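The values are calculated or read from the model by the stated rules, or taken from the named source; none is laboratory data. No experiment lies behind these values; they were computed from the predicted model shown. Counting neighbours? That spans all protein chains shown, and the Cβs are built from the backbone with ideal geometry, glycine included.
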Amino acid sequence: MADATVIPFAVGSPPCYLDPMICRITTFLVLFLMVSGARAGDDGCSTKGRWLARTAAQASTGDPGIDVTYYRLNLRVFPAATALQGVVRMTATVVAASITGVTLDLSGSMTVDSVRMGQTLLQVTRYPTGFVASLPSPLLKGAAFSVDVFYHGVPASTGFGSFVFSETSGSPWVWSLSQPYGARDWWPCKDHQLDKADSADIIVTCPGGLKVGSNGLLRSTTDNDDGTTTFFWAERYPIATYLISIAVGPFIAFSDWYRYSATDSMEVLNYVLPTHLAVAQQELPKTVPMLGIFSHLYGPYPFLREKYGHSQFGRGGAMEHQTMTSTTTFDEDVLAHELAHQWFGDLITCRTWQDLWLNEGFATYSESLYREARYGTAEYRQMIRGRMASALNAQGSVFVTDTTTVSNLFAVGRVYAKGAWVLHMLRHVMGDSSFFRAIRQYAADPRFRYGTASTADFQGICEGVSGTSLAWFFNQWIYGEKYPRYTLRWTSRPAGNRVLITGQLDQETHTTTPSFFVMPVDARFSSGSADTTVVIQSDQKSKVFSLELPFAPTRAEVDPDMWILREVADPEPLLPVALTLDQNFPNPFNGGTSIRVHFPQRIAATLEVYSILGARVATLFNGIAEAGVRTWTWDARDDRGVAVAAGVYWYRITAGGNTQTRSMITLR
């Protein structure tokens, strides 16, 4: 092969090192590669979590011997041929004792023309999802090096599309969506989020009249002599491979500004299609107050030196590409979801795809937090409760055990809805002050900022802030499955001037992981004029409890404010162990009093009232009493309906040969 020659892609653009033969075949490539590429799907999905994978996903462990510090993608997009041609430079540092080759991921649909280290042509060994470039001599630990990969082809379409050629209103419309394993479908890289590049340049040459949206800041736009335009985007924050993106289309650009201090502001840059400009200009400015809300909750926006914004793409829903979300919709909740990802997903990326809930659960929960901050607590509760049915239907653990299939990895009920509910429950367990302090500390921790984190890392932050172990919570809600179904059985009786409540809180889980859920469960006891909420520490399948209240409740509710992902059966009476006649309440009384009897079984019974002289005054009940607690009211009248005189009266229950009698006083 001939020696490399410096040939710029476009006048004024940074040079890239192309083989001369590649340059000579560029025109031929446009004609030769007329293979139908992946077109934008016409599905009605509203979030990426609902899309199904087209193929089984293949995780990459990356090359463990190197630490990538920089990528430069210099790409030519050929919409008519649905083809891509490019040179990608990777700069890295050796972290192994030594290396003799460099392994990179690249789909088999892309052809590697050559790999060079400076002027040296490297031998390439290809395999279906990547290649190994052999080095001329070993590199030792600490050595920094760069390789240039020259390649071309028609990008594969896996996962959510990876790299898609489509059109809009007769104009080309090209976009990428690489999550989770799709970056390798269109550019050579170490395709694992554990190794973020410290910076990246994305240089795209496309037909004139189109714009390219991407990560970071737009450094230059160059109109070339051949009817093409080159856009040079520079990302100077660490970035994962799946978050590097491009969107190419006949966009109109407009900006809003987020003022984050008295003297400083950041551009919110939007690239939208002409047909959607009016609605975009109406809806996208909502992003500005969102930035303020999330900055208050989580700490300053992580990419303040660059920008935030949106570019339209053709896949249903949206994708949190770093500093420039790709979106189909301008729905307020979707905008909040993707913006929250800039903290949880982009600033801190899940270390493995098993921990995906750290991205998606946080972003989904952030929709509710945004609603709470912007519109009030009722909106928060309405949104989080609206996700309960989906979360209850989740199959398997939130910690994803099988990440090979995209449809399983991005299961909406498990990773999104239940992930959000985990945070909702954790907020109640920790209390607002500790919970939000933990979230801010997590986002600010230098171990994770601009890097990755695992579930154990987040758990450690929460435990450090709360000062207590939360293993019980994470073990059952993240690594376990299902949810509890609670049944409350209770009864009450007078105890001096108070009322004694005794009860039992039972739960079913229909799983062995866990066999029961340990949770603080709110229980609200109420009467017509009063209510009290108590916490039952449910740490057994059947939790027996007792408490005293200043009033006689007539109703009980389990988790009335819906802080737990659960089902609740209608409260049931707790069957008494023996026939018991309670003291009437109130006593003394004027006008009426309640008499409560505890029946251990269904039985024939008679409840009667007698005067102090032993004459029967009234029969309150004579029949078959059902098992449980029954209450009768005596209005201080005899069987004829005539009011009785003030004084002392006796009331007596007779059931199954057992008789109990108590006295009461009526006043006039």
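Quick notes
Yes/no matrix, rows are residues, columns are (1) on the phi < 0 side of the Ramachandran plot; (2) surrounded by fewer than 21 Cβ atoms within 10 Å (Cβ to Cβ); (3) at pLDDT 95 or above; (4) in contact with a Ser or Thr (Cβ under 7 Å, 6 or more places away or on another chain):
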{"residue": "V398", "(1), (2), (3), (4)": "yes, no, yes, no"}
{"residue": "T404", "(1), (2), (3), (4)": "yes, yes, no, no"}
{"residue": "N408", "(1), (2), (3), (4)": "yes, yes, no, no"}
{"residue": "A411", "(1), (2), (3), (4)": "yes, no, yes, no"}
{"residue": "A420", "(1), (2), (3), (4)": "yes, no, yes, yes"}
{"residue": "L426", "(1), (2), (3), (4)": "yes, no, yes, no"}
{"residue": "V429", "(1), (2), (3), (4)": "yes, yes, yes, no"}
{"residue": "F436", "(1), (2), (3), (4)": "yes, yes, yes, no"}
{"residue": "I439", "(1), (2), (3), (4)": "yes, no, yes, no"}
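- Checked against the criteria, A378 does not count as closer than 11 Å to F294 by Cα and part of a helix (DSSP H, G or I).
- The residue of region 419-449 that is nearest to F517 (Cα to Cα), among those that are in contact with a strand residue (DSSP E or B) (Cβ under 8 Å, 6 or more places away or on another chain) and aromatic (F, W, Y), is Y442.
- Which listed residue, of S526, S538, is in contact (Cβ under 8 Å) with a residue 24 or more places away in the chain and more than 23 Å from G628 (Cα to Cα): S538
- Filtering region 582-605 to residues that are surrounded by 14 or more Cβ atoms within 10 Å (Cβ to Cβ) and either among the charged types (D, E, K, R) or modelled with pLDDT of 95 or more (or both) leaves D582, R596, A605.
- Taking the conditions (1) at pLDDT 95 or above; (2) within 25 Å of H598 (Cβ to Cβ) in turn, A569 satisfies each one other than (1).
- So G656, is it surrounded by fewer than 17 Cβ atoms within 10 Å (Cβ to Cβ) and over 26 Å from P576 (Cβ atoms): no
- Screening G299 with (1) touching a residue at least 40 places away in the same chain (Cβ under 8 Å); (2) on the phi < 0 side of the Ramachandran plot gives one miss only, at (2).
- Top-ranked residue in region 475-531 [being at positive phi and surrounded by fewer than 18 Cβ atoms within 10 Å (Cβ to Cβ); ranked as farthest from the chain's Cα centre (by Cα)]: G496
- Lone qualifier among A200, A156, A183 - being at pLDDT below 95 and aliphatic (A, V, I, L, M): A156
- Filter result for L218 (farther than 24 Å from G62 by Cα and of a type in the set (A, V, I, L, M, F, W, C)): yes
- Residue match in region 144-156 (condition: within 26 Å of the chain's Cα centre (by Cα), among the β-branched types (V, I, T) and farther than 25 Å from H276 by Cα): no
- Test: residue in region 210-217 that is surrounded by fewer than 23 Cβ atoms within 10 Å (Cβ to Cβ), touching a residue at least 40 places away in the same chain (Cβ under 8 Å) and either out of contact with any Asp or Glu (no Cβ under 9 Å at 6 or more places or on another chain) or β-branched (V, I, T) (or both): yes
- Residue in region 163-174 that is touching a helix residue (DSSP H, G or I) at 6+ places or on another chain (Cβ under 8 Å) and at positive phi present: yes
- So E557, is it closer than 23 Å to A391 by Cβ, surrounded by fewer than 18 Cβ atoms within 10 Å (Cβ to Cβ) and either in contact with a Leu (Cβ under 7 Å, 6 or more places away or on another chain) or modelled with pLDDT of 90 or more (or both): yes
- Residue within region 542-553 that is closer than 17 Å to T487 by Cβ and surrounded by 15 or more Cβ atoms within 10 Å (Cβ to Cβ) present: yes
- Selected residue (only one of E379, E372, E332, E360 is within 12 Å of the chain's Cα centre (by Cα) and among the acidic types (D, E)): E360
- Restricting R54, R126 to those that are at pLDDT 90 or above, closer than 29 Å to C206 by Cβ and not assigned by TED's automatic domain parsing to the domain that holds F330 reduces the list to R126.
- When restricted to residues that are farther than 16 Å from L277 by Cα and in contact (Cβ under 8 Å) with a residue 12 or more places away in the chain, region 249-263 contains 3.
- Of the strands (runs of 3 or more DSSP E) lying entirely inside region 561-649, those carrying at least 3 residues that are within 29 Å of V544 (Cα to Cα) are 593-599, 628-634.
- Per the listing L273, L304, the residue uniquely within 23 Å of L177 (Cβ to Cβ), in contact with a strand residue (DSSP E or B) (Cβ under 8 Å, 6 or more places away or on another chain) and at pLDDT 95 or above is L273.
- Residue in region 382-396 that is touching a strand residue (DSSP E or B) at 6+ places or on another chain (Cβ under 6 Å), of a type outside the set (F, W, Y) and over 18 Å from K482 (Cα atoms) present: no
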